[in-house]
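Chemist: Sharing a structure, written as structure tokens. Questions coming.
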Amino acid sequence: MNSSYSDEHFLISSLKNGDAKAYTYLMDMYHHKLCIYATGLARDDNDAEDIVQNVFIKVWKKRHQLKDAFSLQGFLYKSVYNAFIDYYRKQKVMLPFEKTYIDELSSIVKEDPSSLERLITLMKSEIEKLPPKCKQTFLLSKQEGLTNIEIAEHLNVSIKTVEAHITKAFSILRKSIGEKMNGILFLLFGRATCV
């Protein structure tokens, strides 16, 4: 593989000139990362794969329109995001809270596309570190989608205890993740997660 492709200007120029090896390099560099991102958005591996494939096909077909001085990584993540939004609109009506979280995820990608994987990994790690009862209650709520009443019955505790554990979990996670917490939780669990 031509190491010159690691220079973004050379890579863009090569793509515009129809260099198939440059296209292969681009796919090797970004396909896996974009699939992880798309899976988080679409919540389905097959749909994510389709979205990413379509983005790469579109990039190749419109390679002549690539601008010389721009970030390919940012462009690819933004393209996957836009393709997901188009896909999502065709699949179902977007609820207002879902739009809020998806917009939040888009802002994370705009700032630093590679930070998304880091934040997801950090979130998973911080959830694992929660105190046992707190973690169990939090996951029953966010991962399983149980109501506080259902959790209280399942664990044989009071609703106040359930609320206290969930509030504690959010407090701990917010300290670690910051203001991007809700978007990352939505990406992980696919539902509104505010306390």
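Chemist: Name the residue, out of 50, 86, that is farther than 26 Å from residue 182 by Cα, within 18 Å of the chain's Cα centre (by Cα), of a type outside the set (A, V, I, L, M) and not in a loop (DSSP other than H, G, I, E, B).
Modeler: Sole residue among the options that is farther than 26 Å from residue 182 by Cα, within 18 Å of the chain's Cα centre (by Cα), of a type outside the set (A, V, I, L, M) and not in a loop (DSSP other than H, G, I, E, B): 50.
Chemist: Report every pair of residues separated by at least 6 positions or lying on different chains whose Cβ atoms are under 6 Å apart, first residue within region 183-194 and closer than 15 Å to residue 166 by Cα, second surrounded by fewer than 21 Cβ atoms within 10 Å (Cβ to Cβ) and modelled with pLDDT under 70.
Modeler: 192/97
Chemist: Report yes if some residue within region 34-53 is under 20 Å from residue 7 (Cβ atoms) and open to solvent by 20 Å² or more (accessible area, probe 1.4 Å); otherwise report no.
Modeler: Within region 34-53, not a single residue is under 20 Å from residue 7 (Cβ atoms) and open to solvent by 20 Å² or more (accessible area, probe 1.4 Å).
Chemist: Please find, within region 5-33, the residue that is surrounded by the most Cβ atoms within 10 Å (Cβ to Cβ) out of those that are among the acidic types (Asp, Glu) and closer than 19 Å to residue 79 by Cβ.
Modeler: Looking at residues that are among the acidic types (Asp, Glu) and closer than 19 Å to residue 79 by Cβ, I get 8.
Chemist: Something else now. Can you tell me which residues in region 54-80 are within 16 Å of residue 31 (Cβ to Cβ) and open to solvent by less than 60 Å² (accessible area, probe 1.4 Å)?
Modeler: 55, 56, 59, 72, 73, 76, 77, 79, 80
The values are calculated or read from the model by the stated rules, or taken from the named source; none is laboratory data. Keep in mind that this is a model prediction, so the values were computed, not measured. Ideal geometry is used to build each Cβ from the backbone, glycine not excepted, and the neighbour counts take in all protein chains shown. Heavy atoms of the whole protein, side chains included, go into the accessibility calculation; ligands, DNA and RNA do not. Shrake-Rupley method; radii C 1.70, N 1.55, O 1.52, S 1.80 Å.
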